[in-house]
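The structure appears right after this line, and notes come after that.
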Amino acid sequence: MSARQNVFVTGGADSVGRVIAERFSRAGARVHICDVRADALERTLRDNPGMRGTVANVGDAASVERVFAEAIEWMGDVSVLVNNVGIAGPRGPMEEVSCEEWDETINVNLSGMFYCMRQVIPGMKRRGSGVIINFSTGSTRTRLPLRAPYVASKVAVEGLTLNAARELGPFNIRCNAILPGMINNERMKRIVANNAASTGRTADEVERDYLNYISLRAKIEPEELADMVQFLASDKAAKVTGELIAVSGNVEWEI
Ligand SMILES: NC(=O)c1ccc[n+]([C@@H]2O[C@H](COP(=O)([O-])OP(=O)(O)OC[C@H]3O[C@@H](n4cnc5c(N)ncnc54)[C@H](O)[C@@H]3O)[C@@H](O)[C@H]2O)c1
């Protein structure tokens, strides 16, 4: 068994990020999380006394630098970075998306991951190993009309991941992306509700239409994403890098 893991999870106060952070913490890892929502962070840290965390927006480079300085001072060099944060961005025709909405989506979803990666790479090089897992989306395969900033940001995340796998492979740092499908969580409920409101359908109809184009006709549980993260971070995945791995039931198409 490998040495104790020092794990950093972005957006770790809720939903998928929280499930991932708790999974590592229960397995004996030191876990530091960050989240933009102070109330959620406080709740999660209260429920998990062994974990540490800091309020921060990953889209702000200076905050990210501060958070990692704090985390590294406590636990030493990070061995596993889970770049989980990704915002949905605006829904609408491209010509109606404001430049501010575009910038914010690219900034949080893409630059945020880069800001975090550049903080952990020096330590991983020192350790002679490391694992970086970036969250993309199954929608990079289907494309998704009316969600241009989101899909563009996530395609770029995949490019960043693949390039990092080449650049960092010689240092035994592995970098992969996970592409979730329709996650069974609050955010997906909001996305379904917005879609229903803008297309005049009911939420049940929208959900049924989504599921009709997922081969397994199933939503993804956050625990199933934590399973894949845990595998990628383990020695069992020692030779897995530069992969874009969907955990989606095979999303064939989206409308
Ligand atoms: N929900 C889905 O169905 C779905 C589908 C495909 C891909 N994904 C991707 O999976 C990942 C996890 O999705 P989720 O549904 O759990 O997300 P979510 O919207 O529930 O957010 C997770 C956490 O991130 C935090 N957060 C948001 N913006 C932040 C910021 N700028 N800085 C720091 N923390 C921030 C939130 O407060 C929240 O606690 C994301 O990258 C998302 O794009 C989600």
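Readers should treat all values here as calculations from the given coordinates under stated rules, not as data from a laboratory. In this text the structure is predicted, and so the values were computed from the model without any measurement. Quick reminder, even Gly has a Cβ in these numbers, built from the backbone with ideal geometry, and neighbours come from all protein chains shown.
Output the relative contact order of the chain, whole-number percent, from Cα pairs under 8 angstrom with separation of 6+ residues.
On the way: 480 pairs, mean separation 47.0, N = 255.
Result for the chain is 18 percent.
Which whole-number percentage describes the relative contact order of region 164-255, with Cα contacts under 8 Å and a sequence gap of 6 or more?
Values: 112 pairs, mean separation 41.3, N = 92.
Contact order relative to length: 45 percent.
Could you state the angle between the C-alpha long axis of helix 112-127 and the longest principal axis of the C-alpha atoms of the chain, as a value from 0 to 90 degrees rounded to the nearest 10?
Computed tilt is about 30 degrees.
Amide H to amide H under 5 Å from residue 243: which residues, 5+ apart in sequence or cross-chain, H placed 1.01 Å off N in plane?
177
In sequence order, what are the phi-derived ³J(HN,Hα) couplings for region 227-243 according to the Karplus relation 6.51 cos²θ - 1.76 cosθ + 1.60 with θ = phi - 60°, rounded to whole Hz, with x for glycine and proline?
My calculation for region 227-243 gives 4, 5, 4, 4, 4, 4, 7, 8, 5, 4, 9, 4, 10, 9, 8, x, 10 Hz in order.
Each label point is 7 Å from the Cα along the Cα-to-Cβ direction; what then is the distance between the points at residue 27 and residue 205, in nm?
4.4
With charges set only on the Cβ (+1 for Lys and Arg, -1 for Asp and Glu), what does the dipole of the chain come to about its Cα centre, in debye to the nearest 20? Numbers along the way, then the final one.
On the way: 30 positive and 32 negative charges, 175 e Å.
Computed charge dipole of the chain: roughly 840 debye.
Between residue 245 and residue 172, what is the label-to-label distance in nm when each label sits 7 Å out along the Cα-to-Cβ direction?
Inter-label distance under the simple model: 2.0 nm.
Within straight cross-link reach of residue 189, meaning Cα distance under 17 Å, which aspartates and glutamates are found once same-chain residues fewer than 8 apart are removed?
14, 204, 205, 207, 209, 221, 254
Sum up the charges of everything whose Cβ sits under 15 Å from the Cβ of residue 207, counting Lys and Arg as +1 and Asp and Glu as -1, but leave residue 207 out.
Values: positive: 187, 189, 190, 201, 208, 217, 219; negative: 186, 204, 205, 209, 254.
Neighbourhood net charge equals +2.
Grab the other residues whose beta carbon is less than 11 angstrom from that of residue 248, score K and R as +1, D and E as -1, and report the net. Don't skip to the end; give the middle numbers.
Details: positive: 141, 219; negative: 224, 252, 254.
Counting the neighbours of residue 248, the net charge comes to -1.
Nearest 20 debye, what's the magnitude of the dipole of region 1-50 about its Cα centre given +1 on Lys and Arg Cβ and -1 on Asp and Glu Cβ? Mind dumping the intermediate values first?
Working: 8 positive and 6 negative charges, 46 e Å.
Here region 1-50 has a charge dipole of around 220 debye.
Evaluate the charge dipole of region 95-237 about its Cα centre and quote only its size in Debye, nearest 20, assuming +1 on the Cβ of each Lys and Arg and -1 on the Cβ of each Asp and Glu. Display every interim value, and only then the final one.
On the way: 18 positive and 18 negative charges, 135 e Å.
Charge dipole of region 95-237: 640 debye, to the nearest 20.
Using just the helices of the chain, give the 222 nm mean residue ellipticity in deg cm²/dmol: DSSP H runs with n ≥ 4 each add -39,500 (n - 2.57), and the total is spread over all residues, rounded to 500. Walk me through the intermediate numbers first.
Details: 10 runs with 122 residues, N = 255.
Here the helix-only value at 222 nm equals -15000 deg cm²/dmol.
Separation of region 101-123 and region 1-42 by C-alpha centroid, Å?
So the separation of the two Cα centres works out to 18 Å.
With springs only between Cα atoms under 10 Å apart, run a GNM on the chain and tell me which of 95, 205, 223 wobbles the most.
Looking only at 95, 205, 223, the largest GNM fluctuation is found for 95.
Report the net charge of residues surrounding residue 36, where surrounding means a beta-carbon distance below 15 angstrom and charges are Lys +1, Arg +1, Asp -1, Glu -1.
Values: positive: 18, 37, 43, 66, 187; negative: 14, 35, 39, 42, 60, 104.
Charge balance in the 15 Å sphere: -1.
Counting only trypsin sites (Lys or Arg not before Pro) that are in a DSSP loop and have at most 15 other C-beta atoms within 10 Å, tell me the longest site-free stretch of the chain. Please list the in-between numbers first.
Working: sites that count: 4, 37, 143, 201, 217, 239.
Counting only loop sites that pass the neighbour cut-off, the longest clear stretch is 38-142.
What's the angle, to the nearest 10 degrees (0 to 90), between helix 38-47's Cα axis and the longest principal axis of the chain?
Approximately 60 degrees, to the nearest ten.
What angle do you read, to the nearest 10 degrees and between 0 and 90, between the alpha-carbon axis of helix 61-75 and the longest principal axis of the chain?
For helix 61-75, the angle is close to 50 degrees.
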